[in-house]
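Reading through the structure tokens given below for one structure.
No lab work stands behind these numbers, since they all come straight from the coordinates. As the structure is a prediction and not an experimental result, all values here were calculated from the model. Glycine gets a Cβ as well: all are built from the backbone with ideal geometry, and neighbour counts include every protein chain shown.
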Amino acid sequence: MEKRETMWESYRRRGLSRRTFIKGCVALTSLMGLSSGMVSKVVEAAETKQLPVVIWIHGHECTGCDESFIRSAAPLASDLILNNVALEYDHLLSAGSGEPFEEHLEKTIQAYNGKYILAVEGAVATKGSGIYCMSGGHPFLETLQRAAKGAAAIIAYGTCAVSGGIQSAAPNPTGSAGIGHFIGAKDVVNVPGCPPIPEVMTGVVMHVALFGKLPPLDSQGRPKQFYGNRIHDTCYRRPFFDAGLFADSYDDAGSKAGWCLYKLGCRGPETYNSCGNIRWFQGMSYPVQSGAPCIGCANANFWNQGPFSDRLPKYGPLGDIDKIGAGLAVATTAGVAAHGVLSVYQRSRRDAEAAESDEVKGGEDK
Amino acid sequence: MKKVQREIFYVFSPFLRVFHWIMVASIIILFVTGLLITKPAGILATEPTATSMSVDLIRNIHFTVAYIFLAAFILKVYGFIINKGDRLFPHFWRGYFYAQTVDVALHYMFLRNEHASYLRNPLARSSYVLLYVLVAIEFFTGFAMYLMTEPDAFSTQLFAWVNVVLGGEMITHYVHHYVAWFIILFAIGHIYMVIRAEFMEGESEVSSMFAGTKILAHHPLDEDDVDPDELDNADRLKRWTNVGEGISKIRNVGGN
Amino acid sequence: MKHVVVDPVTRIEGHLRVEMQIDEGTGKVIDAISSGTAWRGLELVMKDRDPRDAWAYIQRICGVCTTAHALASVRAVEDAFGIKIPKNANYIRNIMAASLTVQDHLVHFYHLHALDWVSPLEALAADPVATANLQTTVLNAYKLNVTGYPGISTEAYPKDFPKSTPQYYATVQAKIKAIVDSKQLGIFAAQWWDHPDYKLLPPEVHLMAVAHYLEMLDKHRELVAPHVIFGGKNPHPHYLVGGMPCSISMDDGNAPVNTDRLAIVDRSINTGRTLINNYYIPDLLAIGSAYVKAGRVDGGGLAKKCVVAFGAYPIEEYNGTTNGGFFKKLLVRCNGVVENFGTPNVKFIEFNQEDLQSPDTISESVDHAWYEYDKQGASLHPWEGETKEHFTGPKDGTPTMWKELNAGGKYSWLKTPKWHGKLAEVGPLARYIVIYQRNKMGLLPDPTWAEQMMLQQIDMVSKLLNVQPEVWMPTMVGRVATRGLDCQLSAEISKFFFDKLITNIKSGDTAVANMEKWEPSTWPKECKGVGVYEAPRGALSHWVNIKDGKISNYQCIVPTTWNACPRDDKAGHGAFEQSMIETHVQIPDKPLEIVKVVRSFDPCMACATH
Ligand code: HEM
Ligand code: HEM
Ligand code: NFV
Ligand code: SF4
Ligand code: SF4
Ligand code: F3S
Ligand SMILES: [Mg+2]
């Protein structure tokens, strides 16, 4: 195995000064949402840890996650993949292809056994032993399991890798699922989103690259720093929600004024993501800011929770549960009223019968 | 007019009764505010700069009442501990329970002229268990939604599993909303049944939830469920009073 | 005879395997197959969904040509319901479509294709001073000074100019050297760098192109800012059946679209124009002309026999596709088919609504694809389309360990789309061939500014290369070159529709959504629609059947499905296979020419199989 250089060495090699290096570390510290007291730790990590190797594999996916990754502005994707990690295998960007490329994967897995970061984009197709997602002549499932074995850390990029994504939506024709069940007892960093925000994706790699360990995760394996808030709780339209000011329809006065999109089906109250705080393209926008209700794209199973235009599912002409419930309430009231009338009738007959039998057996009681 | 002897049973402790009425009020408020949360009414809107934050206010009422409701449940638990009448549960594990259920059901379906007398009939017993289950679902789903503003807090961890088990917060919200309607359907049926029992069957149901006592014209089959040891026959006789005319046929359907 | 497999073909979207039989003596490819090796069943996922949500689901066919499928989907649903979108929505969608094309093409050229032409290793031998000089030479020689769209301009001068100092190139070279020395080649690992093709260009061109590769990796994100403004994110911005969700208000800072937000769009469009004019086009033509001069005019394939395009950019809002509204006022009237391009038998046939509706014109068959139809051997129109998977495994190997696929039987997850029973190539090359031929035959009356620009581009390139369009266009280089021209055109088209948007808002019209037919109660009990769009990779069509308010069938025929499809027993090979067959391979063990010609199509396999 070749000696791998540290981030500090790579700065030196490029003739960059110690000052530039420290500045880079400071930027990274804030990027990773760490307090400034952590700078020295970041510096230390960058000085002493070797450049980590990243292997990026693709299952059932749309490459939207890769595309998002290369849109990262801080760190720039170019800086990340040419300076801070060694991206040894990636179907989207790697130069090689075919057999030599597959051999390179094997060699990398062996050479860096127990040390590389495995990034997984896409779901696992499980039906038919994996024949619906083949690459290099064998199922993606096999590649995943082989690569997972020696990985130091596994990152599941995007809703597809985390929980199955679009192809696992009903009726899930290929039996697709998130990678969680197929990688043994390894820890996974789940980075959901369809796709995730670019800086969220690169931020996770930076953390692992510098600290040599996974970022703090929540109970669902998501980095707390990026998935610690619901969009609803960080949404710039929240004051309008609280005030009861809603867009009732697309393009109405409320929507032009930027009022809350709750009534148009917004999933912000159910969705953990950084859309409300980091936003897309460094604060430029997020669906809600562009007038589109959130569809909850960072949630497991969100594809089966349509229609997206309503907060409650509608059952054709029956309407939603409120309409059905009100109907049932009316029907129940009518039912109990009828029952009451019948009960009165039953009692009067019963009393009459009792009176009759009293008369008949009148003598016995006395 | 023929005088009929009626027996008075002390069934519900004040703790249960107070809880019951808090529950009635809470559920009505929670239901109305809940529906308004899903579909905020137009009249709620105010300029955000104005101080009264309307949907915010509705939500806060919902949450406050939810907490009051939860706190009141402690009353119920206390009553449950000190008074046997507060724990009239369905005896699923006893054969006669099913025979009695059939008896009551047949009566409600007008296939029997009357059912036997009970302190709390087996159908009612089951329906209250169902209600408590529904309320529990509301609590768990409600708090799962409410607390997730801080997903990493300790209190949240007590409820976060709900979202996972149900398959996501969106489902939690559906479940919370659907179950609210089932509770309302229960309430309609329940109110009817207690009024019916009061006026049709001569069982002083409604008043029992105020006074705690049930005044029955017939000897209840489930009498043992309330303090049978404390009552010897003499005591019991003392409590017979003449309160009016009634029916004196008791069909023994019990199995024990 | 050598059986050569390349799997995975990388630097594309998705899972592609190619196999070929190469005559080792002559380097001739005797037979070739192209196989999409993954299938997600997204057409089946669409069943029973709310048609208003269709765009969100089907957009996930592809995150590279993100929005392509969303746009085709809303167009199909609007066609089914008879919804006419507001003017602004049409302009905004066109800006989004054009900016997708700009970004997608640019990323393809630099990040997905460049490493087939240039090598970081060759760049090490370059002289930084000579490279800086070369940069100037290239700009002078290959910058196409075409007449773009002459609208209002907010730019004082081009902001991005290639850095051409020797120091700059020395730094980049040092960077490459360090990577090579560290032996951790990262993304540059495992390529056939010793292939003789890399010697076709001088080291300075390699260094310049690699430097620009890095520049563009940082820049391309800015080109899709319009998606983020109008759709909230990228990849996968949000759409709306009936228009766009981004309401416009000049009164409100919270509004999705206001002056401040439009300025971001304007900046992005201008950045695209300068990047293309100063980097992409000169780099492309410098490399391309070297290849043409070296006589490398192979790889044309099906482009010489049949190309298809549906037409692009409705200038104003229109009423339906099935009824022909879409085709009435197109900015680029490339809706047509050209057969036998460059031969005396050349034919141009206009393509319009009748062609969309007839099963004789558009159909898909599955004889060599891992599907089956109720009626064996049938070729189905997409409104009657079926998607029933039927995997048959390889010829040699096991279902989960392939050695050789079954060229005689089923071997791919792509269906085989056909135009009048014939296979066709789609894409930028098809669009340019159609416009060129249509004009040449006098069938393009009153060319729009965009069509004029296309003709001018073709003319200028022909002069630069000193060969006729009929010679350079239907080749691998021509395919790559027309993509660059398409990119340049698309940036101008963005500008054009941006101007229209501003003018319309100025006139007081801020509507972006037509909500008349939003409620399911306003929908017919049963209806069907089609949405077409000239995606970056070519003619895309979505076909929807709706019943009782729900989708009852959804079919997509996607550009890469046309190009990468398996063979048809009557019609022959698809565009990928045909171009591979027409490509000469120097070293069968290192089939760089093959992956290069395949990548010249910008393959998108997730798109193709869906
Ligand atoms: C019988 C008891 C309850 C009833 C009938 C009830 C009813 C409702 C209804 C109908 C909704 C609207 C649901 C939706 O569509 O989102 C709602 C929302 C909610 N309820 Fe309850 N609820 C009950 C108890 C509780 C409890 C115990 C809590 C705990 C704090 C709670 C917390 C919430 C929360 C957090 C919401 C969502 C509010 C929002 O989205 O802002 N609920 N409730
Ligand atoms: C939202 C409305 C209501 C709910 C959810 C509700 C719920 C309940 C529950 C759970 C019990 C069982 C008490 C226990 O064992 O813990 C109960 C008993 C009772 N409730 Fe209600 N109640 C409602 C309204 C009313 C009203 C309006 C009345 C009076 C008119 C009433 C009268 C009674 C009576 C008399 C009992 C005792 C029945 C027996 O044990 O035979 N309830 N109720
Ligand atoms: N083929 C294809 Fe797409 C494009 N351009 C689709 O419409 O790439 Ni993903
Ligand atoms: S998560 Fe979404 S963007 Fe990422 S690969 Fe899956 S479908 Fe594409
Ligand atoms: S727009 Fe959505 S996320 Fe924002 S406040 Fe309204 S409901 Fe919440
Ligand atoms: S749809 Fe996705 S991108 Fe953000 S606002 Fe909602 S999570
Ligand atoms: Mg299809």
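Relative intensity of chain C on a log10 scale, I(q)/I(0) at q = 0.06, 0.09 Å⁻¹, equals -0.30, -0.68, per a Debye sum over C-alpha point scatterers of equal strength in the absence of solvent. Of the GluC sites (Glu not before Pro) found in segment C:272-355, those in coil by DSSP whose Cβ has at most 15 other Cβ atoms within 10 Å are C:GLU316. Across segment A:215-220, coupling constants 3J(HN,Hα) worked out from phi with the 6.51/-1.76/1.60 Karplus curve, θ = phi - 60°, read x, x, 10, 8, 5, 9 Hz, and Gly and Pro carry x.
Are any of the pairs A:LYS186/A:LYS314; C:LYS233/C:LYS550; A:LYS149/C:LYS183; A:LYS224/B:LYS76; B:LYS39/C:LYS328 more than 32 Å apart by Cα-Cα distance, and if so, which? Show your work: numbers first, answer last.
Values: A:LYS186/A:LYS314 41 Å; C:LYS233/C:LYS550 27 Å; A:LYS149/C:LYS183 25 Å; A:LYS224/B:LYS76 39 Å; B:LYS39/C:LYS328 44 Å.
Listed pairs above 32 Å: A:LYS186/A:LYS314; A:LYS224/B:LYS76; B:LYS39/C:LYS328.
Based on every Cα atom in segment A:236-311, Rg and the maximum pairwise Cα distance Dmax equal 12.0, 34 Å.
In segment A:183-292, how does Rg compare with the Kirkwood Rh, expressed as the Rg/Rh ratio over alpha carbon atoms?
Values: Rg = 16.2 Å, Rh = 15.2 Å.
Here the Rg-to-Rh quotient is 1.07.
With both labels modelled 7 Å from their Cα along Cα-to-Cβ, the C:LYS570 to C:LYS395 distance reads 2.4 nm.
Distance between the pseudo-spin-label points of C:GLN167 and B:VAL24 (7 Å out from Cα toward the beta carbon): 8.7 nm.
Within a Cβ distance under 12 Å of B:ASP56, other residues only, what is the Lys/Arg minus Asp/Glu net charge? That works out to +1.
Please give the FRET efficiency for C:LYS403 paired with C:ASP374, using the beta carbon to beta carbon distance and R0 = 41 Å, rounded to the nearest 0.05. Could you put the intermediate results ahead of the total?
Values: r = 32 Å, r/R0 = 0.79.
Working from the Cβ atoms, E equals 0.80.
Annotation: amide H of B:PHE9 within the under-5 Å range of B:LYS214, B:ILE215, B:LEU216, sequence separation 5 or more or interchain, hydrogens built in the peptide plane. Residues whose amide H falls under 5 Å from that of A:VAL188, counting only those 5 or more places apart or on a different chain, are absent, with hydrogens built in the peptide plane. Computed on chain B, with alpha-carbon pairs under 8 angstrom and 6+ residues apart, the relative contact order is 35 percent. Only helices reaching 24 angstrom along their own axis (Cα) with mean Kyte-Doolittle hydropathy no lower than 1.6 count here, and for the DSSP H runs of chain B these are B:14-38. With N the number of residues in the protein assembly as shown, Rg(Cα) / (2.2 N^0.38 Å) evaluates to 1.10. Rounded to the nearest 500, the helix-only mean residue ellipticity at 222 nm of the protein assembly as shown stands at -13500 deg cm²/dmol, with each DSSP H run of n ≥ 4 adding -39,500 (n - 2.57). Across every direction, the projection of the convex hull enclosing the Cα atoms of chain B has a mean area of 18.3 nm². Annotation: lysines with alpha-carbon distance below 28 angstrom to C:LYS177 (same-chain offsets under eight excluded): A:LYS3, A:LYS23, A:LYS49, A:LYS107, A:LYS115, C:LYS163, C:LYS199, C:LYS219, C:LYS590, C:LYS596. Taking θ as phi - 60° and the Karplus parameters 6.51, -1.76 and 1.60, the scalar couplings of segment A:137-145 work out to x, 9, x, 4, 3, 5, 4, 4, 5 Hz in sequence order, x denoting glycine and proline. For segment A:321-365, list log₁₀ I(q)/I(0) at each q in 0.25, 0.28, 0.31 Å⁻¹, using the Debye formula over Cα point scatterers of equal strength and ignoring solvent, two decimals each. The computed values of log10 I(q)/I(0) come out as -0.81, -0.88, -0.95. Taking all Cα pairs closer than 8 Å and separated by 6 or more residues, the relative contact order of chain C comes to 26 percent. Only aspartates and glutamates eight or more places from C:LYS525 in sequence, or on another chain, were considered; those with a Cα closer than 16 Å are C:ASP48, C:ASP50, C:GLU78, C:ASP79, C:ASP548. Each residue, C:VAL180 and B:HIS91, gets one label point 7 Å from its Cα in the Cβ direction; the gap between the two is 9.2 nm.
Here the 3J(HN,Hα) profile of segment C:44-60, calculated from phi with Karplus coefficients 6.51, -1.76 and 1.60 at θ = phi - 60°, is 6, 5, 6, 4, 6, 7, 6, x, 6, 9, 3, 4, 5, 5, 6, 4, 6 Hz, Gly and Pro shown as x. For C:THR10, the residues whose amide H sits under 5 Å from its own are A:GLY98, ignoring neighbours fewer than 5 places away on the same chain, with H placed 1.01 Å from N.
Averaging sequence separations of C-alpha pairs under 8 Å and six or more residues apart, then dividing by the length of segment C:492-601, give the relative contact order as a whole percent. Could the numbers behind the result be given before it?
Numbers: 109 pairs, mean separation 14.4, N = 110.
Dividing the mean separation by the residue count of segment C:492-601 yields 13 percent.
With a Förster radius of 60 Å applied to the beta-carbon distance between C:VAL346 and C:LYS547, the computed FRET efficiency rounds to 0.85. Identify all lysines with a Cα-Cα distance to C:LYS570 below 23 Å; exclude those on the same chain that are fewer than 8 residues away in sequence. Straight-line reach from C:LYS570, under 23 Å: C:LYS304, C:LYS305, C:LYS347, C:LYS375, C:LYS388, C:LYS395, C:LYS410, C:LYS415, C:LYS418, C:LYS422. Springs between Cα atoms under 10 Å define the GNM used for chain B, and in it the highest mean-square fluctuation of B:PRO48, B:PRO220, B:PRO14 occurs at B:PRO48. With the alpha-carbon atoms of segment A:52-227 aligned to their principal axes, the span from lowest to highest coordinate is 40, 37, 29 Å, starting with the largest.
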